[in-house]
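Student: Here it is: the structure, laid out below.
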Amino acid sequence: MKESFDQREYGDYQTPPQFASDVCKYIKKYIGSNFDICIEPTCGTGNFVINGMKFFPNARHIAIEINPIYLDTLRKQINNTNFHIELINQDLFKLNFNNLLSNDDYSKNILVYGNLPWVNNSTLSVLNSNNIPQKINFKNLKGIEAITGSSNFDICEYMLLKLIKYFQNSRTTIVMLCKTIVAKNVFEELHRESIGFSFARVLLFDAKDIFNISASSCIFVVQLDCNSLPQNNCSVSNFENPENIIYQFGYLKNKFYSNLSKKIPIIDGKCCFEWRQGIKHDCAKIMELTQMPDGLYNGLREKVNIEETYVYPLIKSSKIKKCLICSTDKRVLVTQKHTNEKTEFIRYLAPLTWKYLNDHMEYFDARKSSIYRNSPEFSMFGIGDYSFSKYKVGISGFYKDPIFSLICSEKPCMMDDTCYFLGFNQYDEAYIVMLILNSRVVQDFIKSVAFLDTKRPYTKKVLSRIDIAKCLTAISYRELLITEKNLLLKPKLTEVMYKNFASLVNYKTEKIKLAI
């Protein structure tokens, strides 16, 4: 066991005593104090459990912690007090609660509370950490999603779901500090797993003030109840004023919305065009180049002398700031036309490029992601025929304001893996889609399904709900002309373009229906 614990590796942000006290005070006032068992699953130095002893003195208190140094600190704090806390030095990933609790205990009033680690599995992989759960596809993701971005989960989320599944058949109240996106994901997972709960609420607090970290954060409260169905909504309040509900998120007609208080537009459905994510290579210093007046330079500031064969224009997420993009000084090496394609042919078709790649082999070997394991040399992901579409309508996954850009260049323009796009081979089709996506109706809709306070509010899952066929019903030709004008574009849209596009959408929609 390590003698010292890295804060970043263990997501270790100790809860200040006063804040832990405020949370316990909230629990007592708004949930109750008649708990038989109180469990803090990652207790740290014990600020939560010590306050729990004060607010819930009649309960049995259990504190679990992987770090023996923290447990020694906690033990010293309680040695000269009347507090009795069962201290367990154990990794929560490996702990079986059935060894701590009897069958009768699960029928009692249980409180599970505290502050789980603030770190995700991709960060732990970069740190070569062993503090990570067994690599399992715990959300049953499909295909490439299971080994790329969609599987990058918070350790807190994994632990919270583990706790919920342990206690799903009991009367357990869970009160946990976490990122807001974790609370949202767990709420969705409760529905997906049909785990009963009588209520759920989110209490927002300032993590910068409490932990000096920049993340949308909350106290997530859920009352498990095996005799109840999963509730359809979760109220959101500020922790300082918990009785004032700001908004609710949850389900309406079996569809999830980030804000149920907004008017839900009628365009929710399934997009007839397929949203794609940009290319992923995890080797920016070598693969991404900048066009300077005297030639190409890589991220090491080396001048790069290679063939144009595998060099393509690149739009990065940070450049999507206007609705039309026709030039960029960024370039990217595209080594494959589809995932797992052999790359040795580059040796013969572009020998300078092959030499350049091999000269920097150590950067490719240093890539941490398992997706490159047993793949051809210099492999990429998120690559396919769609990547070479002549025109793209793309969006940054990061920006809060959803700007959709029409991107075009002489050679197909690539987008990085923080972007999402639709590919087209006809400019008129791409132009109309760009107008539709920037219209007021669509902008209002995606803000009602995306969580704007998360790091990446716009994902493929969110964007795929924009039903273009329904958009054509909800947004008139005249409204698209107004959108075009508001975007300060030169007039291009015509009725003929609009009608031709409507015919294409009807055809694709009918084709999808027949396939289903």
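Student: May I ask you to verify whether V433 is open to solvent by less than 10 Å² (accessible area, probe 1.4 Å), under 22 Å from the mean Cα position of the chain (by Cα) and under 23 Å from K322 (Cβ atoms)?
Tutor: no
Student: Can I ask one more? Does F398 fit the bill of being part of a loop (DSSP other than H, G, I, E, B), of a type outside the set (G, A, S) and touching a residue at least 12 places away in the same chain (Cβ under 8 Å)?
Tutor: Answer is yes for this residue.
Student: Cβ-Cβ below 7 Å, separation at least six or inter-chain, first residue in the range 201-217 and under 11 Å from T15 (Cα atoms) and open to solvent by less than 80 Å² (accessible area, probe 1.4 Å), second aromatic (F, W, Y) and in a loop (DSSP other than H, G, I, E, B): which pairs?
Tutor: Between residues of the range 201-217 that are under 11 Å from T15 (Cα atoms) and open to solvent by less than 80 Å² (accessible area, probe 1.4 Å) and residues that are aromatic (F, W, Y) and in a loop (DSSP other than H, G, I, E, B), the close pairs are F211/Y13.
Student: Now for a different question. Quick one: Y70 ticks every box in (1) modelled with pLDDT under 90; (2) in a helix (DSSP H, G or I); (3) closer than 28 Å to I181 by Cβ; (4) open to solvent by 20 Å² or more (accessible area, probe 1.4 Å) bar one, so which box is it?
Tutor: The number of the failed condition is (1).
Student: Has the range 179-193 got at least one residue that is touching a residue at least 60 places away in the same chain (Cβ under 8 Å), closer than 18 Å to F249 by Cα and not in a helix (DSSP H, G or I)?
Tutor: Among the residues of the range 179-193, at least one is touching a residue at least 60 places away in the same chain (Cβ under 8 Å), closer than 18 Å to F249 by Cα and not in a helix (DSSP H, G or I), which makes the answer yes.
Student: For the range 342-365, check the following and say yes or no: at least one residue is assigned to a loop (DSSP other than H, G, I, E, B) and under 30 Å from the mean Cα position of the chain (by Cα).
Tutor: no
Here's the yes/no breakdown for (1) surrounded by fewer than 16 Cβ atoms within 10 Å (Cβ to Cβ); (2) not small (G, A, S):
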{"site": "L406", "(1), (2)": "no, yes"}
{"site": "P412", "(1), (2)": "no, yes"}
{"site": "D444", "(1), (2)": "yes, yes"}
{"site": "L472", "(1), (2)": "no, yes"}
{"site": "S476", "(1), (2)": "yes, no"}
{"site": "V496", "(1), (2)": "yes, yes"}
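Student: Within the range 298-349, count every residue that is aliphatic (A, V, I, L, M), within 23 Å of G397 (Cα to Cα) and surrounded by fewer than 19 Cβ atoms within 10 Å (Cβ to Cβ).
Tutor: 1
Student: Considering only the range 383-398, state which residues are open to solvent by 20 Å² or more (accessible area, probe 1.4 Å) and at pLDDT below 95.
Tutor: F398
Student: Also: Could you say whether any residue in the range 414-427 is assigned to a helix (DSSP H, G or I) and closer than 30 Å to N438 by Cα?
Tutor: Checked the range 414-427: at least one residue is assigned to a helix (DSSP H, G or I) and closer than 30 Å to N438 by Cα.
Student: Within the range 277-315, how many residues turn out to be among the β-branched types (V, I, T) and within 14 Å of T335 (Cα to Cα)?
Tutor: Going through the range 277-315 one residue at a time, the tally reaches 5.
Student: A further question on this structure: Of the numbered conditions (1) within 29 Å of the chain's Cα centre (by Cα); (2) open to solvent by 40 Å² or more (accessible area, probe 1.4 Å); (3) at pLDDT below 90, E9 fails exactly one; give the number of that condition.
Tutor: Tallying (1) within 29 Å of the chain's Cα centre (by Cα); (2) open to solvent by 40 Å² or more (accessible area, probe 1.4 Å); (3) at pLDDT below 90, E9 fails exactly one: (2).
Student: Also, I was wondering about something else. If the Cβ limit is 7 Å and pairs must be 6+ apart or interchain, which residue in the range 25-42 that is among the aromatic types (F, W, Y) pairs with which residue that is open to solvent by less than 10 Å² (accessible area, probe 1.4 Å)?
Tutor: From the range 25-42, the pairs are F35/F56; F35/I110; F35/L111.
Student: Is at least one residue of the range 403-420 polar (S, T, N, Q), within 19 Å of Y312 (Cβ to Cβ) and within 23 Å of the chain's Cα centre (by Cα)?
Tutor: yes
Student: Go through the range 361-382 and give me each residue that's touching a Cys at 6+ places or on another chain (Cβ under 7 Å), open to solvent by 20 Å² or more (accessible area, probe 1.4 Å) and modelled with pLDDT of 95 or more.
Tutor: Y363
Student: Of the conditions (1) touching a Lys or Arg at 6+ places or on another chain (Cβ under 8 Å); (2) within 20 Å of K319 (Cα to Cα); (3) of a type outside the set (V, I, T); (4) modelled with pLDDT of 95 or more, D467 clears all except one; give me its number.
Tutor: Failed condition: (2).
Student: Hey, among the residues in the range 47-84 that are among the charged types (D, E, K, R) and in contact with a strand residue (DSSP E or B) (Cβ under 8 Å, 6 or more places away or on another chain), which one's nearest to K29 (Cα to Cα)?
Tutor: R60
Student: Taking the condition of being under 12 Å from L357 (Cα atoms) and surrounded by 20 or more Cβ atoms within 10 Å (Cβ to Cβ), how many residues in the range 284-293 meet it?
Tutor: Selection size over the range 284-293: 2.
The values are calculated or read from the model by the stated rules, or taken from the named source; none is laboratory data. Keep in mind the model is a prediction, meaning the values are calculated, not measured. Here Cβ is always computed from backbone atoms with ideal geometry, including for glycine, and neighbour counts include all displayed protein chains. The area values use the complete protein model at the heavy-atom level, side chains included, leaving out ligands, DNA and RNA. Shrake-Rupley method; radii C 1.70, N 1.55, O 1.52, S 1.80 Å.
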